[in-house]
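Visitor: Below you'll find the structure I mean.
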Amino acid sequence: MKAVVLLSGGLDSSLALKLIADQGIDVLALHFSSPFCRCDGAGGCGFSARKISEFVGVRLRSIYLGEEYLEMVKDPRHGRGRNLNPCIDCRILKFVHAKKTMEEEGASFIVTGEVIGQRPMSQHKRALNLIEEESGLKDLVVRPLSAKILSPTIPEREGWVNRDSFLDFQGRTRKPQMKLAQDLGINDYPCPGGGCLLTDPSFSRRVKDLLCHDLLDMDNVELLKVGRHFRLTSDFKLVVGRNESENNKLIALKQPEDIIFEPADTTGPTGMGRGPHAEQIIYFASKIIARYSDSDEAEVKIQIRTGREEKSFIVLAEKGENRFSEQI
Ligand code: SF4
C-alpha cells in the first residue's frame, strides 16, 4: 500500500509522516511552497522537509505553486481568514496537486498532519469535508493526529492503515505533539505555529495595496518582503531598505525600468522606485531617502540611477516630517 503524505516540514506533518511510515506503508512525502512562505533559503521549510524525510527514510517531492497560487489569492472562492489568507482555497489547490501526484505514483490515499480545531478557518470538520469534496479526495485523506475524533476514512475502514495507532489531538495547544515528537525520536523541528505571510496583518496590507492597483504579480510579491513601502501614486511605489542586507536585496530585485536612489555623500538607505512616474515623484522619493539617511545636514544629495541614466538631486532632509513616514 502506498500513500502521499503532505509534509510542510513543521511539527504536525512530521509526526503524521512518521506514524504512517512506521506502519510499513510505502510513502512519498510531498512538500509545497509558494511566494508567501515565511521561510526562504537554506534554513527554510523545504530544508526541514528534506531533513525529516531523510530521518524517516522516505522519498520527497517538492512542488512550487507560483502563478497559479497568485491567481487563487486574487479571488478565493471560499473567502479569506482574518487577514488575506485564503486557507480553504489554498488547501483545495494543494489537495488537487496531491491527488494528481497520488495517481501518478500509483498511491491509494493522502495523509496530512491536520489537527481539528488548530486553525480557525480550515481545520474544522465542515471545512475538511468541503476541501476533500472539492479536490476529489472524499474519504481518502487520513489525519493520524486527529483520526480518533473523526469518522473512519476508506483507508481506515479497509484496513490499509491501522487506526489503533492514531490519536485524538484537537485544539491549538501543541503540548501533546511535542510529547509525541519526543516519543518518536523527532527532536529537531521548527518552532510550531504561525501560518504563511498572508496571515500577517502588515504583510496583508501590502498585498491588499497591490490587489487594489491590479499589480499583484510574482516580481511585486518578492519586493513586499523587503524594506519600508511607500505608495506615491497609483502607479509608482518606493521601497526603502532598512539595513545593509535589505539594501543589497533591493539592488538584486531591480528590473531594467526600476530606479535606484542612494545618498551620495553620506550613509543611508538604498531605495527602489517601480512604476511610471512624473519628475516631481522622483523628487519626492528623493526626499524620503534623505529623511532616512544618516546625514545631520539640512540638505542631502541623492544619487538616482535608472538603466539608462544617472542624475542627482539636492533635497531638504525634513527629518521630522510625518508625510515621509512609512505608508503601507
Ligand atoms: S495559512 Fe497560508 S499556507 Fe496555511 S492554509 Fe492558510 S493560506 Fe494556506
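Visitor: Using 0.36 nm times the number of residues separating Asp22 and Glu68, minus their current alpha carbon distance, what extension gain do you get? Write down the numbers at each step before the final one.
Guide: Values: separation 46, 0.36 × 46 = 16.56 nm, distance 3.45 nm.
Full extension of this stretch gives 13.1 nm more.
Visitor: Still on this model: Through the Karplus equation 6.51 cos²θ - 1.76 cosθ + 1.60, θ set to phi - 60°, convert the phi angles of segment 98-114 into ³J(HN,Hα) values in whole Hz; use x for Gly and Pro.
Guide: Running phi through 6.51 cos²θ - 1.76 cosθ + 1.60 with θ = phi - 60° gives 5, 5, 4, 5, 4, 5, 4, 8, x, 7, 10, 7, 10, 10, 10, x, 4 Hz.
Visitor: Using a Gaussian network model on the chain with a 10 Å cutoff between Cα atoms, which of Lys18, Lys311, Lys94 fluctuates the most?
Guide: Greatest mean-square fluctuation among the candidates belongs to Lys311.
Visitor: How would segment 226-324 be classified by its alpha-carbon gyration tensor: rounded, prolate or oblate, with rounded meaning a/c under 1.5 and the a/b versus b/c comparison settling the rest? Write down the numbers at each step before the final one.
Guide: Details: a/c = 1.37, a/b = 1.24, b/c = 1.10.
Verdict is rounded for segment 226-324.
Visitor: Principal axes first, then extents: for the Cα atoms of segment 2-184, list largest minus smallest coordinate on each axis, whole Å, largest first.
Guide: If we take the Cα atoms of segment 2-184, the spans are 42, 37, 36 Å.
Visitor: So, one more: Can you pull the three principal axis extents for the Cα set of the chain, in Å, largest first?
Guide: Answer, in whole Å and largest first: 76, 38, 33 Å.
Visitor: Okay, next question. How large is the charge dipole for the chain, taken about the Cα centre, if only the Cβ atoms of Lys, Arg (+1) and Asp, Glu (-1) carry charge, to the nearest 20 debye?
Guide: On the way: 46 positive and 47 negative charges, 206 e Å.
Approximately 980 debye in magnitude.
Visitor: Going down the list Lys254/Lys311; Lys99/Lys179; Lys74/Lys208; Lys18/Lys148; Lys74/Lys225; Lys100/Lys208, which pairs span over 21 Å between their C-alpha atoms?
Guide: Values: Lys254/Lys311 17 Å; Lys99/Lys179 31 Å; Lys74/Lys208 9 Å; Lys18/Lys148 17 Å; Lys74/Lys225 18 Å; Lys100/Lys208 31 Å.
Table pairs above 21 Å Cα-Cα are Lys99/Lys179; Lys100/Lys208.
Visitor: Give the relative contact order (percent, whole number) for the chain; include only Cα pairs under 8 Å separated by 6+ residues. Walk me through the intermediate numbers first.
Guide: Numbers: 585 pairs, mean separation 47.2, N = 328.
The normalised contact order for the chain reaches 14 percent.
Visitor: Continuing with this model, one more query. Does segment 214-264 classify as rounded, prolate or oblate by the C-alpha gyration tensor (a ≥ b ≥ c root eigenvalues; a/c under 1.5 gives rounded; else a/b over b/c gives prolate, otherwise oblate)?
Guide: Details: a/c = 1.59, a/b = 1.37, b/c = 1.16.
Cα axes put segment 214-264 in the prolate bin.
Visitor: Another question about this same structure. Tell me which residues come under 5 Å, amide H to amide H, from Val111 once H is placed; ignore anything under 5 positions away on its chain.
Guide: The list, which skips near neighbours in sequence, is Val4, Val5, Leu6, Val142.
Visitor: Further question: Which residues' amide hydrogens lie under 5 Å from the amide hydrogen of Arg61, considering only partners 5 or more residues apart or on another chain, with H built in the peptide plane?
Guide: Ala29, Leu30, His31
Visitor: Counting pairs of alpha carbon atoms under 8 Å apart in space and at least six apart in sequence, what relative contact order in percent does segment 1-101 give? Let's see the in-between values first.
Guide: Details: 124 pairs, mean separation 26.4, N = 101.
26 percent.
Visitor: Would you please give the residues with an amide H less than 5 Å from that of Gly81, counting only those at least 5 places away or on a separate chain, with H modeled from the backbone geometry?
Guide: Under 5 Å from the amide H of Gly81: Cys87.
Visitor: If packing is taken as the average count of other Cβ atoms within 10 Å, what order do 133-140, 8-15 fall into, highest mean first?
Guide: Working: 133-140: 16.5, 8-15: 24.6.
Listed from highest to lowest mean packing, they are 8-15, 133-140.
Visitor: Using the heavy atoms of the protein chains and a 1.4 angstrom probe, tell me the accessible area per residue for the chain in square angstrom. Kindly include the intermediate steps, with their values, before the conclusion.
Guide: Numbers: 15390 Å² over 328 residues.
Per-residue value: 47 Å².
Visitor: Quick one: what are the phi-derived ³J(HN,Hα) couplings along segment 176-182, Karplus 6.51/-1.76/1.60 with θ = phi - 60°, whole Hz, x for glycine and proline?
Guide: x, 5, 5, 5, 4, 4, 4
Visitor: Explain nothing, just compute: Karplus ³J(HN,Hα) = 6.51 cos²θ - 1.76 cosθ + 1.60, θ = phi - 60°, for every residue of segment 221-230 in order, whole Hz, x for Gly and Pro.
Guide: Once θ is set to phi - 60°, the couplings for segment 221-230 become 5, 4, 5, 5, 7, 10, x, 8, 10, 10 Hz.
The values are calculated or read from the model by the stated rules, or taken from the named source; none is laboratory data. As the structure is a computational prediction, the values presented were derived from the model and not from experiment. Methodologically, a virtual Cβ is constructed for each residue, glycine included, from the backbone with ideal geometry; neighbour enumeration extends over all protein chains shown. Side chains included, ligands, DNA and RNA excluded: accessible areas come from the protein's heavy atoms. Shrake-Rupley method; radii C 1.70, N 1.55, O 1.52, S 1.80 Å.
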